[in-house]
Every structure is written in structure tokens, then in C-alpha cells.
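Values quoted throughout were computed directly from the atomic coordinates according to the rules given, and no laboratory measurement underlies them. Because the structure is a prediction, the values reported are computed rather than measured. No Cβ is skipped: glycine too gets one built from the backbone with ideal geometry, and neighbour counts run over all protein chains shown.
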Amino acid sequence: MTSETIDAAAAGTWRLGDLTVNRIGFGAMRLTHLADGSPSDRDRVTGVLRKAVELGVNHIDTAAFYFSPLRSANELVNRALAPYGDELVITTKVGPGRDADGNWWWAEPDQLRGQVEENLRQLGRDHLDVVNLRVPRRESTGSIAEHFGALAELRTAGLIRHLGISNARPDHLAQARAIAPVVCVQNPYGIGSPAEDHAFLDACGEQGVAFVPFFAIAGAGREAGVVETDGPRVLALAAEHGVSTAQLRLAWTLSRGAHVLAIPGTGNPDHLVENVAVGSLRLSPAEIALLEAP
């Protein structure tokens, strides 16, 4: 498939509250360093961000805890894209924090305002479009009501426009929606995800909540990036369509529902163009079923 002239709008749009975004967005996590841990090239990755916007990407996912010794994702977004266009939606996450040495800690409810303000400062914004509460351990975390309630207060105060949750369960979504509107759920998801994750994605659609997969391309590679785990069905269909397996995985993810938003991240301008081009790739029902089969 040709990709050079394809705009992110080809994938269609979805509304995050009152904000309309193209379904293919951009994740900033991979901007700060290369797969081997070495620093990214600042000019190269700021160029990737600007190219993404030129290609119609208007949904950027970032976080203050996306940083390496020499790079901060929020700073790169600010450097590349400020002053921000009215159509650009920047989503960030709070809950996790990292100290100067990179050690992780998790915020108590009364510490979330400080994390929100740090994102505001780094991004150079007077409000955040969407803030996701990141759940520490999806399987074992209890109620998120106190933390989400603290963010709801910041929304009322005008620091946050819309709220979401990340790495969450269906009961977390129910708890959050009882407190304030939830516009998105951001969870790990992709080909090979368990049945309960498919069911949660479908349930989000029924409730009008966007489902935003992360690791949709990387799969088992997670933060490290793509690993060689593609089975014969993925390899065969990718070859048939003349696309990479990463593009096929992304196309399958988008096929799961109009409420599914993709946020593939890359520091490579060629990969960016390939990711955006996926918006024009349509899989047939038979192909989708083949990829979903056990």
C-alpha cells in the first residue's frame, strides 16, 4: 500500500467529550530514547512530532514520567508543537511518578494536583485536555474512587477538561463513572489479548467510552518495542496486503470498533508515515475472524 499521501483522517474520528480526534494518534513514550537506551536525537524526534501533525494527527499521548537522563517527552512535545493549534488534543497520565534517578513511586490522592501542575508546566498549558488516572496493578488494585475523585475536583477547578483511566478493569470504570464522566480507557491490548479484554473493549463502546490500546504493535515486547512473535496468519495476511506486520496489527486494532483509538509511537519518520497510512487499510470480516481465532 502507498502511504506518503495518506492523512490520519482516513481512519475516521471519535469524540473525547467535546473534543474530536482522528482515530490514529501518536504516543510520545518512545521519543526520549532509542531501544538500546541511548538518547534520541532531539531534532529528529521533534521533526517526527511536527510531521505527525502535518499528517493530520491531532491526538498526542504523553506523560511527565516519560523521560530519560537527557530527554523529556513533554518538553519535546512543547518544543515541537507550541503554540498549540486549537484542534490538537494532548492526553497525559498521572498516578505514577519517577524521581531524578528514575525510581518509581505512586501518588496518593493529595499528590495528584502536583502531578497535574507538573504536566501543565512542562507542556506550557493552562489546562490539560485529557488526564488518565493510571492504575498501578490492574489485577490487584482495589477501589480507585479516592484518586479519581481528586482528579474530578481538579476538573471542576478548570485544570483538566476531561478524565480517563488507564490499565483499568471494568469495575474501575464503573467506580469512576459514578464520580465524573469518563471519556477513555487506555489499556494494553492487541492481537492475542485474552477474552476478558475483548469483552471490556466492547463494553466501553456500548457506554460511549473510547478504548485506547497501548502495546497494540509491540505486543509482548511492551516498552522494549516489537518482538518477533508474529504467527503465520499475521505474516501471511501482511504479505497479502503488502504491509508490515506492525501495520497489520494496527489495522486489526482499529477494526475492533469505531470507538478504538490508536496511539502508536515512534521516533522514526518513516515508521510514522507507515502508521498513519494504516488508517486507509480495511480488513475483511473473514480476515478479522482469522486473526482473532485461537
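Values for this structure:
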quantity	calculated
Simple spin-label estimate for Ala195 and Asn103 in nanometres, 7 Å along Cα-Cβ	4.4 nm
Cα centre as origin, Lys/Arg/Asp/Glu Cβ charges: the stretch 20-292 dipole, Debye	260 debye
Label-zone membership for the stretch 245-284, site Lys51, 7 angstrom Cα→C-beta point, backbone N under 13 Å	266-277
Under the Karplus curve 6.51 cos²θ - 1.76 cosθ + 1.60, θ = phi - 60°, whole-Hz ³J(HN,Hα) for the stretch 233-238, x wherever Gly or Pro sits	5, 5, 4, 5, 5, 4
Highest to lowest packing among 118-130, 268-280, scored as the average C-beta count within 10 Å	268-280, 118-130
Order by protection proxy (mean Cβ within 10 Å, highest first), peptides 166-175, 19-28, 96-105, 69-78	19-28, 69-78, 166-175, 96-105
Relative contact order of the stretch 20-292, defined on C-alpha pairs under 8 angstrom at six or more residues apart (%)	18 percent
Long-range amide H partners of His162 with built H, under 5 Å	Val130, Val131
Residue-by-residue Karplus 3J(HN,Hα) for the stretch 201-214, coefficients 6.51, -1.76, 1.60, Hz, glycine and proline x	4, 4, 5, 4, x, 5, 9, x, 9, 5, 10, 10, x, 10
Amide H contacts under 5 Å for Asp61, placed H, 5+ residues apart	Phe26, Gly27, Ala28, Thr91
³J(HN,Hα), Karplus 6.51/-1.76/1.60, whole Hz, each residue of the stretch 278-285, x for Gly, Pro	4, x, 9, 8, 10, 8, 6, x
